[in-house]
1. Quick one: would you say Ser405 is closer than 24 Å to Gly251 by Cα, out of contact with any Phe, Trp or Tyr (no Cβ under 9 Å at 6 or more places or on another chain), small (Gly, Ala, Ser) and assigned to a helix (DSSP H, G or I)?
2. Can you spot a residue in the range 460-473 that is within 22 Å of Met364 (Cα to Cα), surrounded by 14 or more Cβ atoms within 10 Å (Cβ to Cβ) and modelled with pLDDT under 90?
3. Just checking, which of Asp154, Asp180 is farther than 24 Å from Gly330 by Cα, in contact (Cβ under 8 Å) with a residue 60 or more places away in the chain, among the charged types (D, E, K, R) and in contact with a strand residue (DSSP E or B) (Cβ under 9 Å, 6 or more places away or on another chain)?
4. Hey, among Glu76, Glu5, Glu90, which residue is acidic (Asp, Glu) and in contact with a Ser or Thr (Cβ under 6 Å, 6 or more places away or on another chain)?
5. Among the residues of the range 90-113, is there at least one that is closer than 29 Å to Cys210 by Cα, among the small types (Gly, Ala, Ser), within 23 Å of the chain's Cα centre (by Cα) and surrounded by 17 or more Cβ atoms within 10 Å (Cβ to Cβ)?
6. Cβ-Cβ under 8 Å, sequence separation 6+ or interchain: first residue in the range 422-441 and within 15 Å of Glu224 (Cα to Cα) and in a helix (DSSP H, G or I), partner charged (D, E, K, R) and modelled with pLDDT under 95. Which pairs?
7. What tally of residues in the range 191-213 results from selecting those that are surrounded by fewer than 24 Cβ atoms within 10 Å (Cβ to Cβ), of a type in the set (A, V, I, L, M, F, W, C) and either under 16 Å from Val301 (Cβ atoms) or free of Cβ contacts under 8 Å to residues at least 60 places away in the same chain (or both)?
Amino acid sequence: MSTSELFFFIVNTAILVFAVVISISYLWLALMSSSALKKYIRNTRYVHFDSYVASPLAPKVSMIAPAYNEGLTVVENVKSLLALRYVNYEVIVINDGSKDDTIDKLIASFDMVRTHFYFEEKVACKPVRGVYRSKNPAYSNLWVVDKENGGKADALNAGINVANGEFVACIDVDCIIEPDAMLRMVKPMMEARKKRVIASGGVVRIANNCHIEDGRLKHVNLPENQLAMFQVVEYLRAFILGRMAWAKIDGLLLISGAFGLFDREVVIQAGGYDHKTVGEDMELVVRMRRMMHERKEPYSVTFIPDPLCWTEAPESKQILGRQRNRWTRGTIETLKFHKVMFFNPKFGLLGTLSYPYWFFFEWMAPLLEVTGLIYTIYLFAVGHINLAFFLLLLAMVYLFALNISLFAIYSDLKTYDLYKNKRDQWRMIKSALIEPFLFHPFVVFHAILGNRDFLTGKKAWGQMTRTGFGGPAKK
């Protein structure tokens, strides 16, 4: 065998092995998710969550919502948080040095006045300028913290310092939370016996074009914007298939920053959110899990598949690109910070399966995909490709990816059936059909840019402009 033949053999074998392994992993995740969903629905079918509302044993939860230039939606979103069905909770809105009218709207809408409030700085954060509380008894559980701008991680740390709940729910203020969300999220914590539940994540859904009134979701609609439609299908895959499956084997590494519940004591012991990363949500979960493993303390991280949180998805390519760029940089930073876990049996399944999966199939996959594309173009140029076989293989890859998306859509319709309109269901299927050709290349491209920006040391989040719920769709 010549040197060139050996080279082609090695490269082709490596590509084949990677493709087979990632395909098997997706099938495994789909099967695990299906099993976990059935078990969850079976176990919660006859649970009376109303009993938790009146229970004197319900732990106190502090809901922390950072806000930076959220004047467009902040009042409606805070109303959503104040309408939760839970007996013992407080809402802490952190105005992170906003340059718009966020703090003014909060003060005016909720009759807030500045109050003397002392707190111990258990995790580092920028200086607090003032703490506000409402004169209206109806908003007695609402606090507004005005502080210098320090970014989302810093704002969350400020909220953790002010909070006095046993658990902290860290959310994006632009989200709409279902009224019974906290009841469902806190249930695993209350029922924990042998293992301490240190964190719980929930499903995040796309709220674009949904009917929102007084901070409550009145009617579920699919987005009219096609870019947001692609994200509906993507989120179904990520949450219903991916995270549900990883939670079943207690290997979950990521809880969405949009909505997550954490054991406050463990968060503080782990050092709070890290200001050095743009992926603070994933990094905190990995650091908490790493700390518990190193202490050899039994624990678990759970996931709730119910549609609990609704958020506004980007409708412009520019804003979506910034988001995916940031997600990539956050993933790389987290993997770098905790590289000691890579294939390390000391961390159990976390080190031998979860971390390697994120390394190869979340971070490396876009890089390998682009490399494979360049390699394919080269093979075409030198005449080393059988066109018929290549097209057949391409069709198989497309059908496999399509089936994964369709399975996610089917699982959602069978369990929660939020999109009852047949037209909406066909729109989701249509989006799944064309997503590999339009949306996926876009995401891969911005993941590559995220790798480039990580290497050049870029730390900026990038501006995330919002239209507000019910606002005009962007073109």
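The values are calculated or read from the model by the stated rules, or taken from the named source; none is laboratory data. All values reported here derive from a predicted model rather than from experimental measurement. Glycine gets a Cβ as well: all are built from the backbone with ideal geometry, and neighbour counts include every protein chain shown.
1. yes
2. Yes, the conditions are met somewhere in the range 460-473.
3. Asp180
4. The unique qualifying residue is Glu90.
5. no
6. none
7. Within the range 191-213, residues that are surrounded by fewer than 24 Cβ atoms within 10 Å (Cβ to Cβ), of a type in the set (A, V, I, L, M, F, W, C) and either under 16 Å from Val301 (Cβ atoms) or free of Cβ contacts under 8 Å to residues at least 60 places away in the same chain (or both) number 2.
A quick yes/no check of all residues on (1) crowded, with 24+ Cβ neighbours inside 10 Å; (2) in contact with an Asp or Glu (Cβ under 7 Å, 6 or more places away or on another chain); (3) among the hydrophobic types (A, V, I, L, M, F, W, C); (4) under 17 Å from Ser25 (Cβ atoms):
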residue	(1), (2), (3), (4)
Gly215	no, yes, no, no
Val220	no, no, yes, no
Val232	no, no, yes, no
Leu252	yes, no, yes, yes
Ala270	no, no, yes, no
